[in-house]
Amino acid sequence: MNTEAILIGGISGLIVGGIVWALSRKSLLGSTFPSGHEFAKIAQDVLRSTQEQFLLLASEKLKNDTALARNDLEHKKDTIEQMIGEMRKDLLASKELLKESDSARITSFSALAKELEMNKGAVSDLKSTTDDLKRILSNNQLRGAFGEQVAENLLKMAGFVVGQDYVYNKTQDTEDTRPDFTVMLPDGTKINIDAKFPYSALVKMSETEHPGEKEQHRKQFAIDVKQKVKQVVQRGYINPEEHTVDFVILFIPNEMIFSFIYDQLNEVWEEAMRQKVILAGPFSFTAILRMVKQAHSNFRYQENLHHVIGLIQKFESEYEKYSVAIDTLGDRIQSAAKQFEVVSSTRSRALGRVIDQIKNQEMGPNKEKDLIE
């Protein structure tokens, strides 16, 4: 129970008690019970006295509460000032963090804007490239040129040199046809290559969701591939008079299309093999080119080896002649040495004896005559 409730209860008790005390006092003094007018007067006197006491108590209570409130307020003021100081520090720190966050956000937004601008340019370039590719693939002539470009790039990557290892779009000597590429082996044998790009029916098959239409387009694609094989066969790209190998390569410049033919059109693949037409995608075509390039290298090594063996045999023959000449010269040198030894020893000693005799003899007419004789 709070202080105000206690105070009000006490005051009420005093008023009631005062009235009861006044009435009891009159009864004890022998007076009769007061009338209504007297009772009202007594109650009024008691109420006035009680009111004065109430005001006095309330004044004292107010002074005490005011003092307590002042002390409490002073204490809370320090606490509040301390809290406000801490809050001010926190606000300053938050302000700095917010400023750094804004700066980082602005930097991030600037980088993001640049990145979006770059991506926008890349998307624009990609769209342009895609449109160009669609335009190329939708045109049969452009698809053929695209396939030839892919094949030539793979030839160059494999180390083939145009005009030396292969020729491009050259008419055959005995046929009025021109394969896209002719690879020349070291022994003069030729491998003809033709680039083909069957595409339209396969695209239609991938775009439709109807099973019947899919099967129809699949059959049309198989017919298109067979027609490409037939064209290669009829053009005389396998020709002994041209010194070609007994097969021709039909290059398909898209690996997915080649894989689809290999996986889904077995009858087309087998028919092409029976007609000695090798279907090749970019990966298998690269493997074939590397094998041919290795044959080039092996042939050159073999040629060099034969040349080296010929030189060794020639060296052996010349060495035998050299040995015979050296032996002959040695024999002659030995004979000359023996002759020299005879001359330098026997003849020198004979001459020496004659010279000694000359020195030991006295010169006179008879002696000179004997010497001359």
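The values are calculated or read from the model by the stated rules, or taken from the named source; none is laboratory data. None of these values were measured; they are calculated from a predicted model. With ideal geometry, Cβ positions are generated from the backbone for all residues, glycine too; neighbour counts draw on all protein chains shown.
The set of residues in segment 246-277 being surrounded by fewer than 18 Cβ atoms within 10 Å (Cβ to Cβ) and out of contact with any helix residue (DSSP H, G or I) (no Cβ under 7 Å at 6 or more places or on another chain) consists of ASP246, PHE247, MET256, SER259, ASP263, GLN264, ASN266, GLU267, GLU270, MET273, ARG274, LYS276.
Taking LEU289, is it in a helix (DSSP H, G or I) and either at pLDDT 80 or above or of a type in the set (A, V, I, L, M, F, W, C) (or both)? Walk me through how you get there before you give the answer.
Numbers: in a helix (DSSP H, G or I): yes; either at pLDDT 80 or above or of a type in the set (A, V, I, L, M, F, W, C) (or both): yes.
Yes: the conditions hold for LEU289.
Can you find even one residue in segment 158-165 that is surrounded by 12 or more Cβ atoms within 10 Å (Cβ to Cβ), closer than 19 Å to SER284 by Cβ, out of contact with any strand residue (DSSP E or B) (no Cβ under 6 Å at 6 or more places or on another chain) and not hydrophobic (A, V, I, L, M, F, W, C)? Yes, segment 158-165 contains at least one residue that is surrounded by 12 or more Cβ atoms within 10 Å (Cβ to Cβ), closer than 19 Å to SER284 by Cβ, out of contact with any strand residue (DSSP E or B) (no Cβ under 6 Å at 6 or more places or on another chain) and not hydrophobic (A, V, I, L, M, F, W, C). Within segment 132-156, the set of residues being touching a strand residue (DSSP E or B) at 6+ places or on another chain (Cβ under 9 Å) and either β-branched (Val, Ile, Thr) or at pLDDT below 75 (or both) comprises just one member, VAL150. In this structure, does ILE252 turn out to be among the β-branched types (Val, Ile, Thr), in contact with a strand residue (DSSP E or B) (Cβ under 9 Å, 6 or more places away or on another chain) and under 30 Å from THR174 (Cβ atoms)? So ILE252 passes the test.
Can you spot a residue in segment 328-344 that is among the hydroxyl-bearing types (Ser, Thr, Tyr), modelled with pLDDT of 80 or more and either within 30 Å of LYS228 (Cβ to Cβ) or surrounded by 10 or more Cβ atoms within 10 Å (Cβ to Cβ) (or both)?
From segment 328-344, those among the hydroxyl-bearing types (Ser, Thr, Tyr) are 328, 335, 344; that's our starting set.
With modelled with pLDDT of 80 or more added as a condition, the list becomes 328, 335.
Still in the list and also either within 30 Å of LYS228 (Cβ to Cβ) or surrounded by 10 or more Cβ atoms within 10 Å (Cβ to Cβ) (or both): 328, 335.
Yes, that holds for at least one residue.
Could you list, in sequence order, all residues of segment 195-205 that are closer than 16 Å to ARG143 by Cβ and part of a helix (DSSP H, G or I)? Explain how you work it out, then say what you get.
Filtering segment 195-205 down to residues closer than 16 Å to ARG143 by Cβ leaves 195-204.
Those that are closer than 16 Å to ARG143 by Cβ and part of a helix (DSSP H, G or I): SER200, ALA201, LEU202, VAL203, LYS204.
Of all residues in segment 235-291, those being among the hydrophobic types (A, V, I, L, M, F, W, C), touching a residue at least 12 places away in the same chain (Cβ under 8 Å) and closer than 13 Å to LEU154 by Cα number 7. Of the conditions (1) of a type outside the set (A, V, I, L, M); (2) assigned to a loop (DSSP other than H, G, I, E, B); (3) touching a helix residue (DSSP H, G or I) at 6+ places or on another chain (Cβ under 8 Å), LYS214 clears all except one; give me its number. Among (1) of a type outside the set (A, V, I, L, M); (2) assigned to a loop (DSSP other than H, G, I, E, B); (3) touching a helix residue (DSSP H, G or I) at 6+ places or on another chain (Cβ under 8 Å), LYS214 violates only (2).
Of the residues making up segment 189-205, none is without any contact (Cβ under 8 Å) to a residue 40 or more places away in the chain, over 30 Å from GLN264 (Cβ atoms) and in the same structural domain as LEU154 (by TED's automatic domain parsing).
Is it the case that VAL324 is at pLDDT 75 or above, of a type in the set (Val, Ile, Thr) and not assigned by TED's automatic domain parsing to the domain that holds VAL183? For VAL324, the condition - at pLDDT 75 or above, of a type in the set (Val, Ile, Thr) and not assigned by TED's automatic domain parsing to the domain that holds VAL183 - is met. Could you say whether any residue in segment 223-239 is of a type in the set (Val, Ile, Thr), assigned to a loop (DSSP other than H, G, I, E, B) and surrounded by 13 or more Cβ atoms within 10 Å (Cβ to Cβ)? Scanning segment 223-239 turns up at least one residue that is of a type in the set (Val, Ile, Thr), assigned to a loop (DSSP other than H, G, I, E, B) and surrounded by 13 or more Cβ atoms within 10 Å (Cβ to Cβ).
Every residue, every condition in (1) basic (Lys, Arg); (2) modelled with pLDDT of 80 or more; (3) surrounded by 13 or more Cβ atoms within 10 Å (Cβ to Cβ), yes or no:
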{"residue": "GLU115", "(1), (2), (3)": "no, yes, no"}
{"residue": "THR130", "(1), (2), (3)": "no, no, no"}
{"residue": "GLN172", "(1), (2), (3)": "no, yes, yes"}
{"residue": "VAL183", "(1), (2), (3)": "no, yes, yes"}
{"residue": "ILE191", "(1), (2), (3)": "no, yes, yes"}
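Considering only residues that are part of a loop (DSSP other than H, G, I, E, B) and among the polar types (S, T, N, Q), look in segment 139-177 and name the one that is farthest from the chain's Cα centre (by Cα). Quick ask: steps written out before the conclusion?
Step one: list which residues in segment 139-177 are part of a loop (DSSP other than H, G, I, E, B), which gives 139, 158-161, 163-165, 169-177.
Adding the requirement that they be among the polar types (S, T, N, Q) leaves 139, 164, 169, 171-172, 174, 177.
Values: ASN139: 33, GLN164: 35, ASN169: 37, THR171: 43, GLN172: 44, THR174: 49, THR177: 44 Å.
The residue in question is THR174.
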